[in-house]
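The values are calculated or read from the model by the stated rules, or taken from the named source; none is laboratory data. Given the structure is predicted, the values throughout are model-derived calculations rather than measurements. Here the Cβ is made from the backbone with ideal geometry for all residues, glycine too, and neighbour counts use every protein chain on show.
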Amino acid sequence: MIQVDAVLPIVIQFSNNGVNWQFHRYENRGAPAFVYLSNMKKQFCYLVCFFITFHCTAQIDDSLFAKQALAENQTRLYQNLVSNSIQKNLSQPLTGDNEEDWQSAFYAMELINYRTPWTEAKISQAIDSIGRRSPAFQYALVELMYTWQDTTYAKSIHQLLLQTKNNKIFAICAEYLLLCKISPDRILEIAQIVKNKIGAVLEKSDHAILTSLLVRLKSSLPGFEPAETNLQPLFDSAYLAGHVVFYSIQRKNRNYPGLALVKDKKGKFVTDESGDLFSVPQLARSVSNLPGYLTNGNTPQGLYRMDGLGVSKSSFIGPTENIQLSLPNETSRLHFTRGDPNIDTTTDFFWYTDLLPEKLQNYQPLAESFQAGMAGRTEIIAHGSTVDPAFYKNQLFYPFVPTQGCLTSKEVWSKLTGKRIQSDQQQLINAVKKAGGADGYCMVIEIDDQQRPVTVADILPFLKQ
């Protein structure tokens, strides 16, 4: 049987100016989707976590060029995805032999936010046989419905939840049912099944998935009130002193962009040319808007290791430098802690909490990155993008572009020349370099559930204390 966490290539093919292109989407132990663009001889890594934010001031290097940003190339990409990846693949009768073609169509529909009565009819057809399909197909189909916020199929997905032996499929089915606003009794029923499963699982990845799901179920019950927590210790000058710290401050509702700011090794926050606190907007939302412990979900809260700068070969991410990040459990504990002698890396979890302020070591949201890394998520970085936000013009987060789990900052590229016009990502890179370089940590944290973007005014109270 094919496992969801196996490496599964999903191929999207089309021709562009006489060149044959293929998108290869790879799922690897819960990692964000990867896509490789190959034009016969070359392959470009395209993290489908490609997406954007808002606002820009910057000294721009106008020598940077992104061919994919040209208007004619964006139009060709869209047309080929619609004609070949979606319409052609979904026109085939669904069989066990062509499930991957249908999965390619699902991912293409997510990518360009494509939905028509015809595709909805095809989805309904796929749902009718979902119980007989491979786990990879099941996950892709439920993910698409979650992305669309389509709550039509609660009965079918509940049946799949009860019959599946795959804990990852169980979890995404449960998340879909939460989206459907199921009754408290049903939530308690699912929670009891999860508790029974936790006692039986041996794989650490399955344990992390089920444990994260149980937290989500409990927090969805009526009357649940999260404990009030003072997050100010995260911003103390003494916290992670000696390391550069890059913060991504978010709302619980990831449809609203957050803010990125940077603290230097001496514990001082980087300022701009006018002496004000440096910040740039940053999005931490995935296309699917699934929770962060699941494949292609939002950027999990918690601590990441900052591992230097890189330049992607992907024409979709673009040539602006990105910040390399590692989740806990994605690399060795020794690497993550940089060999800090005060941290006992032999413990299963406390080695991670030792990196948190003492008053917040039991604050569950800060464990999300740990659990996501244990569940198998990898390759979450902070980058810019050349993608046209017009794909998402009817979405609440427009003109930002969502990811498959990465942190992204807005860039504007000329559709006429392909050159970079504006770049929040470059501003962030400059701030990190000013602070001492990309060797340190990244902290992703939600401060509240206000239904608006994060502003500097929201952050200043944490810094004044």
Report task. Would you please list the contacts, defined by Cβ atoms under 6 Å and residues six or more apart or on different chains, that run from a residue in segment 257-272 that is in a loop (DSSP other than H, G, I, E, B) to a residue that is among the charged types (D, E, K, R)? Result -> V270/K434
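Determine whether R305 is surrounded by 21 or more Cβ atoms within 10 Å (Cβ to Cβ), basic (K, R) and not in a loop (DSSP other than H, G, I, E, B). Step through it out loud before you land on a result.
Numbers: surrounded by 21 or more Cβ atoms within 10 Å (Cβ to Cβ): yes; basic (K, R): yes; not in a loop (DSSP other than H, G, I, E, B): yes.
Yes, satisfied.
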**Report entry** Flag for T455 being hydroxyl-bearing (S, T, Y), touching an Asp or Glu at 6+ places or on another chain (Cβ under 8 Å) and either farther than 23 Å from E225 by Cα or in contact (Cβ under 8 Å) with a residue 24 or more places away in the chain (or both)
**Finding:** no
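Restricting segment 374-403 to residues that are in a loop (DSSP other than H, G, I, E, B) and among the aliphatic types (A, V, I, L, M), which is farthest from G292 (Cα to Cα)? Steps first, answer last, please.
At the first step, the residues of segment 374-403 found to be in a loop (DSSP other than H, G, I, E, B) are 376-381, 384-388, 393-402.
Checking which are among the aliphatic types (A, V, I, L, M) leaves us with 380-381, 387, 396, 401.
Numbers: I380: 11, I381: 14, V387: 23, L396: 20, V401: 17 Å.
Of everything passing the filter in segment 374-403, V387 is farthest from G292 (Cα to Cα).
In segment 102-117, which residues are touching a residue at least 24 places away in the same chain (Cβ under 8 Å), in a helix (DSSP H, G or I) and either more than 20 Å from D388 (Cα to Cα) or of a type in the set (F, W, Y) (or both)?
We begin by selecting, within segment 102-117, every residue touching a residue at least 24 places away in the same chain (Cβ under 8 Å); these are 102-104, 106-115.
With in a helix (DSSP H, G or I) added as a condition, the list becomes 102-104, 106-112.
Of everything in segment 102-117, those that are touching a residue at least 24 places away in the same chain (Cβ under 8 Å), in a helix (DSSP H, G or I) and either more than 20 Å from D388 (Cα to Cα) or of a type in the set (F, W, Y) (or both) turn out to be W102, Q103, S104, F106, Y107.
This table checks each residue for (1) buried (at least 18 other Cβ atoms within 10 Å of the Cβ); (2) closer than 23 Å to Q163 by Cβ; (3) modelled with pLDDT of 95 or more.
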site: W102; (1), (2), (3): yes, yes, yes
site: W118; (1), (2), (3): no, no, yes
site: S124; (1), (2), (3): no, yes, yes
site: D128; (1), (2), (3): no, yes, yes
site: Y139; (1), (2), (3): yes, yes, yes
Query raised in the report: Quick check: is even one residue across segment 222-241 part of a helix (DSSP H, G or I) and of a type in the set (S, T, N, Q)?
Result: yes
Query raised in the report: Can I187 be described as more than 25 Å from R132 (Cβ to Cβ), in contact with a Ser or Thr (Cβ under 8 Å, 6 or more places away or on another chain), surrounded by 18 or more Cβ atoms within 10 Å (Cβ to Cβ) and at pLDDT 95 or above?
Result: yes
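Among the residues of segment 247-256, what is the count of those that are outside any strand (DSSP E or B) and not hydroxyl-bearing (S, T, Y)? Break it down stepwise before answering.
Going through segment 247-256, the residues outside any strand (DSSP E or B) turn out to be 252-256.
Pick out the ones that are also not hydroxyl-bearing (S, T, Y) and you get 252-255.
The total comes to 4.
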Query raised in the report: Can you tell me which of P233, P291 is within 11 Å of the chain's Cα centre (by Cα) and either among the hydrophobic types (A, V, I, L, M, F, W, C) or surrounded by fewer than 24 Cβ atoms within 10 Å (Cβ to Cβ) (or both)?
Result: P291
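Every residue in segment 157-179 that is touching a Gly at 6+ places or on another chain (Cβ under 8 Å) and either at pLDDT below 95 or crowded, with 17+ Cβ neighbours inside 10 Å (or both), please. Can you show your working first?
At the first step, the residues of segment 157-179 found to be touching a Gly at 6+ places or on another chain (Cβ under 8 Å) are 159-160, 163, 168.
Passing the criteria: L160, K168.
Residue-by-condition table, conditions (1) within 30 Å of D340 (Cα to Cα); (2) of a type in the set (S, T, Y):
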{"residue": "L214", "(1), (2)": "no, no"}
{"residue": "S220", "(1), (2)": "no, yes"}
{"residue": "E228", "(1), (2)": "no, no"}
{"residue": "A241", "(1), (2)": "yes, no"}
{"residue": "S274", "(1), (2)": "no, yes"}
{"residue": "S286", "(1), (2)": "no, yes"}
{"residue": "G297", "(1), (2)": "no, no"}
Report summary line: All-but-one check, M145 against (1) buried (at least 20 other Cβ atoms within 10 Å of the Cβ); (2) of a type in the set (A, V, I, L, M); (3) within 25 Å of M374 (Cα to Cα); (4) under 20 Å from the mean Cα position of the chain (by Cα), failing number (3)
Report task. Return the pairs, sorted by first residue and then second, in which the second residue is aliphatic (A, V, I, L, M), the first residue lies in segment 361-376 and is closer than 14 Å to A227 by Cβ, the beta carbons are less than 8 Å apart, and the residues are 6+ apart or on different chains. Result -> Y363/L356; Q364/V215; P365/I445; L366/L303; L366/L356; L366/L360; L366/I445
Report task. Mind listing just one residue for me: the one in segment 313-324 that is out of contact with any Gly (no Cβ under 6 Å at 6 or more places or on another chain), closer than 13 Å to I429 by Cβ and part of a loop (DSSP other than H, G, I, E, B) and, of those, modelled with the highest pLDDT? Result -> E321
